Amino acid sequence: MKLIHCILLCVILLCGCTKQNFDSKNAVDEINIMVPSPSNQQNSLKNYSNVNNNIKNEITKIKKCRTDFEVTRNTNIDPCKNLATSTFMVSLKAFLSKKESLAVSSAILWDVLDETDYVAMDKKVVVHGEELNIRIISYCFPIWEQVDTDIEGLNTKWIFVQCWNENHYFFKTLVDGGTAYLIDYMATVIHHELTLVLNCRLMVYYPRPITLYAWKLSHDEFIPAILFTDMNKEGSRYTTHHQLIESPPFTDKWDFYTNGAVLFVAKGEFVEELGIVGADVSCELDWGADSFILSSVDQRDVTHTVHVRFSNDKFIIED
């Protein structure tokens, strides 16, 4: 069932930094959260006279593929199994991979596709003296059937990046049909390469842990950035696992699971009569201080925090 809300737009500034090998000067954020139109008449490309016919035809095709998927999919099986390889998703990726897709604003594309969970976050970063526009698109396909698992935990979430200026255009699917829900992201420059860190909440777990994904634009291609290999810390509060495992258990510590480019953070505590219980984790990004802060609230409403800062080309834990 579609939800009808007001339009919410917010613009935030991303602080810059000037330290060696770590530069996000002149970065600007713009977050566009699209919401349904109050009138179905607005969900028509006829209202957008500035969009050329070729683009209109392609979007019309995407919308038809989406409708066809809803009508023809088998509701007796996990819908996610068919969604990732559906003609709709293939067509949407193909469209976003073209620079011509920029002629259609995120608001227009959202409006035409009639989506309820389509968020575009824009930033600008200077690399090699050239300004680059970065747009991270977080898209969650709405599936409303009752299923055995938490509906939010379905593999229905995609994260795309579009990066461009007058001379260049780059596209990449960063999360491909997973459970990671984008909260925000950072864009900076490390060793003269555009670097992104996505701050995501994994919806398949409860309580909710945090996962950070690091990517960099290297030789005209987005590839994983190895930024989390030095997340080691001696002490009773932390355990670092240099691997990513499925459904890791909660412990009474901060647990960091990483393969270098992905950082999974979970927090648990020991409670009498209950044993080990998990807690939600939140992450506050702060490029202005070359750091981010992880926090979690325990059963006694006490907030526990971990400060992680960037040093010598890697993130490290500091007390």
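The values are calculated or read from the model by the stated rules, or taken from the named source; none is laboratory data. Bear in mind the structure is a predicted one, so any value in this text is a computation, not a measurement. Virtual Cβ from ideal backbone geometry, glycine too; neighbours counted across all protein chains shown.
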- Sort out which residues of the range 159-199 are among the hydrophobic types (A, V, I, L, M, F, W, C) and farther than 23 Å from S86 by Cβ, and write them in order of number. C163, W164, F170, I183, M186, A187, V189, I190, L194, L196, V197, L198
- Note on the structure: Checked S97, S101 against criteria (crowded, with 18+ Cβ neighbours inside 10 Å and at pLDDT 80 or above); the one match is S101
- Query: In the range 218-228, what residues are part of a loop (DSSP other than H, G, I, E, B), surrounded by 17 or more Cβ atoms within 10 Å (Cβ to Cβ) and in contact (Cβ under 8 Å) with a residue 40 or more places away in the chain?
  - Reply: L227, F228
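For the range 75-89, name all the residues that are loosely packed, with under 14 Cβ neighbours inside 10 Å and modelled with pLDDT under 80. Can you show your working first?
Of the residues in the range 75-89, the ones loosely packed, with under 14 Cβ neighbours inside 10 Å are 75-77, 81, 85.
T75, N76, I77, K81 - these are the residues of the range 75-89 that are loosely packed, with under 14 Cβ neighbours inside 10 Å and modelled with pLDDT under 80.
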- Of the conditions (1) among the β-branched types (V, I, T); (2) within 18 Å of A180 (Cβ to Cβ); (3) exposed (fewer than 15 other Cβ atoms within 10 Å of the Cβ); (4) modelled with pLDDT of 80 or more, V302 clears all except one; give me its number. (2)
- Task: Looking at (1) surrounded by fewer than 21 Cβ atoms within 10 Å (Cβ to Cβ); (2) closer than 15 Å to W215 by Cα; (3) modelled with pLDDT under 95, find the lone condition where I151 falls short.
- Result: (2)
- Given (1) at pLDDT below 90; (2) at positive phi, index of the condition T179 fails: (2)
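Quick grid of which residues meet (1) in contact (Cβ under 8 Å) with a residue 60 or more places away in the chain; (2) assigned to a strand (DSSP E or B); (3) surrounded by fewer than 21 Cβ atoms within 10 Å (Cβ to Cβ):
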residue: K172; (1), (2), (3): no, yes, yes
residue: D176; (1), (2), (3): yes, yes, yes
residue: Y185; (1), (2), (3): yes, yes, no
residue: T188; (1), (2), (3): yes, yes, no
residue: L198; (1), (2), (3): yes, yes, no
residue: R208; (1), (2), (3): yes, no, yes
- Tell me, please, whether a residue that is more than 21 Å from T229 (Cα to Cα), modelled with pLDDT under 90, in contact with a His (Cβ under 9 Å, 6 or more places away or on another chain) and surrounded by fewer than 18 Cβ atoms within 10 Å (Cβ to Cβ) can be found in the range 262-277. no
